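Take a look at the structure below.
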Amino acid sequence: MDSLTPLRAFRRIVELGSIARAADALDLSSAALSKQLRALEAQLGAVLIQRTTRRMSLTDTGRAYYAECCRLLDGFDTLEQSVRAQSLQVTGRLRVNAPLSFALSTLAPLLARFMQRHPQLQIDLSMEDRLVDAVGQGFDVSIRLSAELADSSLIARRLASLSQMLCASPAYLQQHGRPASVAALRDHALLNYSLAQADDGLQAPGDARASVNNSLMLRQLLVAGLGIGALPSFLARPAIAQGQLEALALQDWAEQPRHVYVVYPTQRHLLPKVRAFVDFLAEALPVAMDGDS
């Protein structure tokens with residue numbers, strides 16, 4: 001029994017003018033409700049209701065206590081309704097972490113749509129290619145591009161898949177030729193992504209001419225004709241469509257598929273702002289990455 005139960009029971013007795021009628025309304029026995037009333041009076045050290053076999057009436061103390069009960073209970077109910085209403089609204093500040101290249105190329109237009117849909121929500125976006133401690137740094141949601149996620153306390157939801165595409169500019173290929181195998185890459189300038197989680201097949205043939213920790217920068221170097229490198233498909237395909245890069249197919253080059261995950265600390269009492277963002281990404285991201293998902 002919570003501390004408000006005796007107050008609500010007392011109020012019901014007064015409003016209905018009878019312990020029996022109040023007991024029926026509260027789905028209790030008259031004896032149980034009478035016991036609650038006696039316990040409340042004992043706790044207060046005062047008689048609230050004068051009871052006889054024929055009628056009941058409030059004492060002066062009971063009348064004052066009833067008025068105060070109504071004020072407190074109505075205020076608490078209003079507060080509870082307000083909190084419940086707020087718990088259904090997408091408001092507050094949402095802290096999001098995402099890889100820089102992915103955020104700028106793919107997430108940005110989606111984030112704009114989400115913010116327009118929820119004008120009362122504030123977004124705090126941190127773009128970082130290195131893996132961060134989502135819980136330790138206080139992020140509500142993190143977006144990760146990975147072949148698989150390590151075991152953790154985070155809840156992960158896979159949203160889409162992507163591939164790594166071996167690319168070079170038309171000018172580079174015209175000048176240096178098109179390799180047919182991984183072994184043939186030894187004769188080419190290689191450009192590597194230094195934060196790759198696993199060997200993409202470009203490390204072994206020889207030392208890279210350049211190693212960068214950002215895929216957008218890597219794409220710029222490839223477009224400039226400085227060598228051959230592997231790009232995520234969401235960055236490679238637009239450049240290929242514009243004729244800036246060409247995709248290479250090597251007979252013995254295979255890469256592990258990667259996926260786009262959204263991760264968050266827990267599903268218990270999931271805040272509306274987090275649930276809304278995760279559901280939005282699950283709906284919008286596969287469409288935005290059409291051809292990858």
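Criterion first (touching a residue at least 12 places away in the same chain (Cβ under 8 Å), in contact with a strand residue (DSSP E or B) (Cβ under 9 Å, 6 or more places away or on another chain) and surrounded by 21 or more Cβ atoms within 10 Å (Cβ to Cβ)) does P232 satisfy it? Spelling it out, P232 is indeed touching a residue at least 12 places away in the same chain (Cβ under 8 Å), in contact with a strand residue (DSSP E or B) (Cβ under 9 Å, 6 or more places away or on another chain) and surrounded by 21 or more Cβ atoms within 10 Å (Cβ to Cβ). State all residues of segment 243-260 that are of a type in the set (D, E, K, R), part of a loop (DSSP other than H, G, I, E, B) and either within 17 Å of L226 (Cβ to Cβ) or under 36 Å from the mean Cα position of the chain (by Cα) (or both); if no residue qualifies, say none. Result: E255, single match. Here is a check on your reading of the model: is A249 open to solvent by 30 Å² or more (accessible area, probe 1.4 Å), among the small types (G, A, S) and either within 19 Å of S194 (Cα to Cα) or modelled with pLDDT under 90 (or both)? So A249 passes the test.
When residues in segment 224-242 are screened for being of a type outside the set (A, V, I, L, M, F, W, C) and more than 35 Å from the chain's Cα centre (by Cα), 2 of them pass.
Any idea which of (1) closer than 19 Å to F277 by Cβ; (2) at pLDDT below 90 is the one L162 doesn't satisfy? It fails just one condition, (1).
Taking the criterion of being open to solvent by less than 70 Å² (accessible area, probe 1.4 Å) and within 16 Å of V274 (Cα to Cα), the residues of segment 127-143 that qualify are A134, G138, F139, D140, V141, S142, I143.
Out of everything in segment 243-276 that is among the charged types (D, E, K, R) and free of Cβ contacts under 8 Å to residues at least 60 places away in the same chain, what residue ends up being nearest to S146 (Cα to Cα)?
R275
So, of the residues in segment 15-31 that are on the phi < 0 side of the Ramachandran plot, of a type in the set (G, A, S) and out of contact with any helix residue (DSSP H, G or I) (no Cβ under 7 Å at 6 or more places or on another chain), which turns out to be surrounded by the most Cβ atoms within 10 Å (Cβ to Cβ)? Here the answer is S18. Within segment 7-14, is even one residue part of a helix (DSSP H, G or I), open to solvent by less than 80 Å² (accessible area, probe 1.4 Å), of a type in the set (K, R) and out of contact with any Lys or Arg (no Cβ under 9 Å at 6 or more places or on another chain)? Checked segment 7-14: at least one residue is part of a helix (DSSP H, G or I), open to solvent by less than 80 Å² (accessible area, probe 1.4 Å), of a type in the set (K, R) and out of contact with any Lys or Arg (no Cβ under 9 Å at 6 or more places or on another chain).
When you scan segment 62-70, do you find a residue that is of a type in the set (K, R) and assigned to a helix (DSSP H, G or I), even just one? For segment 62-70, residues of a type in the set (K, R) and assigned to a helix (DSSP H, G or I): present.
The values are calculated or read from the model by the stated rules, or taken from the named source; none is laboratory data. Please read these numbers as outputs of a predicted model, since none were measured by experiment. In this analysis, Cβ positions are derived from the backbone assuming ideal geometry, glycine residues included, and neighbour counts consider all displayed protein chains. Only protein heavy atoms, including side chains, enter the accessible area calculation; ligands, DNA and RNA are left aside. Shrake-Rupley method; radii C 1.70, N 1.55, O 1.52, S 1.80 Å.
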